[in-house]
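Asker: This is the structure I want to talk about, given as structure tokens.
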Amino acid sequence: MKESVMNISWSECLCFILLLLQLTTVSTLKRFEVLGPPDPVDAVVGEDVVLPCYLKPNISAVDLHIEWLRVHTEDPLVHLYQDHEDRNENQIPSYRGRTLLFPEQLKNGNVSLKLRNVQVSDNGEYKCLVESQEWYEDYSIHVYIKAVGTHPVISIEGYKEGGISLVCESKGWYPQPEVLWMDSEGHSLPAGHTETHRDSMDLFIVRRRVIVQETETNRFTCRVRQQQINEMKETKTNIPGEMFHRAHPWKVTFAVIFSLAAVCIIGCSVLIHHFVKLRKKRGQLKEEHGELQEQHVLKTWLKPKIDKSTSLSYAVDVTLDPDTAHPQLVLSENRKQVRRGDTKQDLPDKPERFKNRISVLGKEGFSSGRRYWEVQVGDKMDWDLGVARESINRKGKIQLSPNNGYWTIWLRNRKEYKALSDHPVLLHMSVKPQKVGVYVDYEEGQVSFYSVEDKSLIYIFTGYKFTEKLYPYFWPGAPNSAPLIISPVIDTD
């Protein structure tokens, strides 16, 4: 009897010990930690990002309740996993279709969230919350959104306060960057306030103007910098010296008068020297010869010069491409002239042909070097001239701007000249050009327009980065008006 009692007691004791061990183990397994990254997560607009979150110990989360929340928001639900499936009926609308867990990793305790196509509005603090029937815990993660914008584009707006007004613009930044103007030595220039706008993706567009005066180099830099994300982009531009002369008309007048005076003094000195030396021998005959010599000197020294670096040295033979011409355009037999007719011709709808805008491209494209050609515009009421990149839209609605692949100027109503930058610039022309020169420097990212008669610069697009072929672009204006004529570049020296 005693032996039986002892046996029962030891059996019961053993069972009790095993039960305690089991309960302790189960209790331990029901407790877990939720862990995440110690530092904020950086995310780039338009890309995907993973917000890391996992359990410790790495028990299975398949049967658990998982929530991803936005902190400090009225409707915080970003993603919900419950009863073995995603339940996102009450998800914040901006996250719909953009969030997912990793189902195959749940069994390993990985409850990370993948966020697709990151947006500016995703910036902020998130909470990863995991809950079982007996236990729950969470972890907070801060997400910093960033977007690196475009290289700044520099445009010339015109003359102001005795200098030249430049505007620098860059798009697609987050957070908002600062814009700096600097001279050739890297010193900051006093500039206007920075204009800021938001695009359709809520990214920053920044723009800042500066008025520059002539320097030894005429080289200026626009720098766009975002210190929080340690990003910077800059563009340099060189302003032709002749543009500054137009900013100070009195300087031009003074230079002309000074030049005339110098010519007269030198010419007179030469004449007097010859007159005194030969007066005794040739008398009146030499005096008459001296007058002719003076006229020759004046005529030679005052003759206007052509800047061959932008004309003869880089002149190209441009012809029109009939395969790109809108059906309403009429091209001459030698493909040097284009005008707009009354009706459309029956032409095949080739991929390269303009469908809506009544335009035509040059046949010869180029992807390096420098090119110059001249177009006779005469007294036309309206026209467009410039260059276009190969991938432009030729079928739909077209807005001429560098953003869309066009670097052009236009004339409207016989008197309104504009440079069609991303923000069109009104041009003030003292003399109406009869012939326009177009000069392209592919490597420098510049497109310049000149009035051929006096070789004055009309406008320059600068600070661009060309990456594909460029073609001459023409729009000849109203029906039955005079044609645009591609003229041969002639040495007028």
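Asker: Label segment 408-493 by shape, choosing from rounded, prolate and oblate, from the square roots a ≥ b ≥ c of the eigenvalues of the Cα gyration tensor; if a/c is under 1.5 it is rounded, and otherwise prolate applies when a/b is larger than b/c, oblate when it is not.
Answerer: Rounded shape, in that the Cα axes give a/c under 1.5.
Asker: So how much slack lies between Asp379 and Asp138, counting 0.36 nm per residue of separation and subtracting their Cα-Cα distance, in nm?
Answerer: 79.2 nm
Asker: Sticking with this structure for a sec: Rounded to the nearest 0.05, what FRET efficiency is calculated for Ser430 and Asn110 with R0 set to 60 Å and r the Cβ-Cβ distance?
Answerer: Once rounded, the FRET efficiency stands at 0.25.
Asker: Now for a different question. With the cut-off at 1.5 for a/c, could you classify segment 366-466 from its C-alpha gyration tensor as rounded, prolate or oblate?
Answerer: Here segment 366-466 falls in the oblate category.
Asker: Separate question: Is the shape of segment 132-212 best called rounded, prolate or oblate, per the rule: a/c under 1.5 gives rounded, else a/b larger than b/c gives prolate, else oblate, with a ≥ b ≥ c the square roots of the Cα gyration tensor eigenvalues?
Answerer: prolate
Asker: Find how many whole Å separate the alpha carbon centroid of segment 321-355 from the alpha carbon centroid of segment 100-131.
Answerer: 56 Å
Asker: Post the alpha-carbon centroid distance, segment 462-492 to segment 50-67, in whole angstrom.
Answerer: Each part reduced to its Cα centre gives a spacing of 64 Å.
Asker: Tally Lys/Arg at +1 and Asp/Glu at -1 over every other residue whose Cβ is under 10 Å from the Cβ of Ser421; what's the total?
Answerer: With Lys, Arg at +1 and Asp, Glu at -1, the neighbours total -2.
Asker: Per residue, what accessible area does segment 298-454 have, given a 1.4 Å probe and all protein chains present, in Å²?
Answerer: Per residue, segment 298-454 has an accessible area of 49 Å².
Asker: Expressed as a whole percent, how much of the Cα-Cα distance distribution for segment 82-130 exceeds 12 Å?
Answerer: Within segment 82-130, distances greater than 12 Å cover 72 percent of Cα pairs.
Asker: In nm, give the distance between the simple-model label positions of Asn413 and Ile490, each being 7 Å from the Cα along the Cα-to-Cβ direction.
Answerer: Placing both labels 7 Å beyond Cα along the Cβ direction yields 3.4 nm.
Asker: Label-point separation (nm) for Asp323 and Glu185, each offset 7 Å from Cα along Cα-to-Cβ?
Answerer: 5.5 nm
Asker: Return the ratio Rg/(2.2 N^0.38 Å) for segment 101-242, where Rg is computed over Cα atoms only.
Answerer: 1.58
Asker: Let me ask you something else. Would you please give the residues with an amide H less than 5 Å from that of Val44, counting only those at least 5 places away or on a separate chain, with H modeled from the backbone geometry?
Answerer: Amide H to amide H, under 5 Å and 5 or more residues apart or across chains, Val44 pairs with Lys146.
Asker: When the dipole is taken about the Cα centre of segment 352-493, and only Lys, Arg (+1) and Asp, Glu (-1) are charged at their Cβ, what size is it in debye, to the nearest 20?
Answerer: 700 debye
Asker: Right, here's the next one. Please go through the residue pairs Lys236/Lys435; Lys233/Lys465; Lys418/Lys465 and name each one whose alpha carbons sit more than 20 Å apart in this structure.
Answerer: From the list (Lys236/Lys435; Lys233/Lys465; Lys418/Lys465), the Cα-Cα distance tops 20 Å for Lys236/Lys435; Lys418/Lys465.
Asker: Give a residue-ordered list of calculated ³J(HN,Hα) values for segment 433-438 (Karplus: 6.51 cos²θ - 1.76 cosθ + 1.60, θ = phi - 60°; whole Hz; x for Gly, Pro).
Answerer: Using θ = phi - 60°, the values come out as x, 8, 9, 10, x, 10 Hz.
Asker: Over the Cα atoms of segment 60-151, what is the Rg over Rh ratio if Rh follows Kirkwood?
Answerer: 1.00
Asker: How many nm is it between the label spots at Arg96 and Gln399, if each spot is 7 Å from the Cα in line with the beta carbon?
Answerer: Placing both labels 7 Å along Cα→Cβ, they lie 2.8 nm apart.
Asker: Per residue of segment 370-385, in order, report the coupling 6.51 cos²θ - 1.76 cosθ + 1.60 (Karplus, θ = phi - 60°) as ³J(HN,Hα) in whole Hz, putting x for Gly and Pro.
Answerer: Per residue, the Karplus-derived 3J(HN,Hα) values read 10, 9, 9, 8, 10, 10, 7, 9, x, 9, 4, 7, 7, 6, 10, 9 Hz.
Asker: Give me the percent of accessible area attributable to carbon and sulfur for segment 133-252, probe 1.4 angstrom.
Answerer: Accessible surface attributable to carbon and sulfur in segment 133-252 totals 49 percent.
The values are calculated or read from the model by the stated rules, or taken from the named source; none is laboratory data. Given the structure is predicted, the values throughout are model-derived calculations rather than measurements. Cβ coordinates were reconstructed from backbone atoms using ideal geometry, including for glycine residues, and neighbour counts include every protein chain displayed. SASA here: full protein model, heavy atoms, side chains in, ligands and nucleic acids out. Shrake-Rupley method; radii C 1.70, N 1.55, O 1.52, S 1.80 Å.
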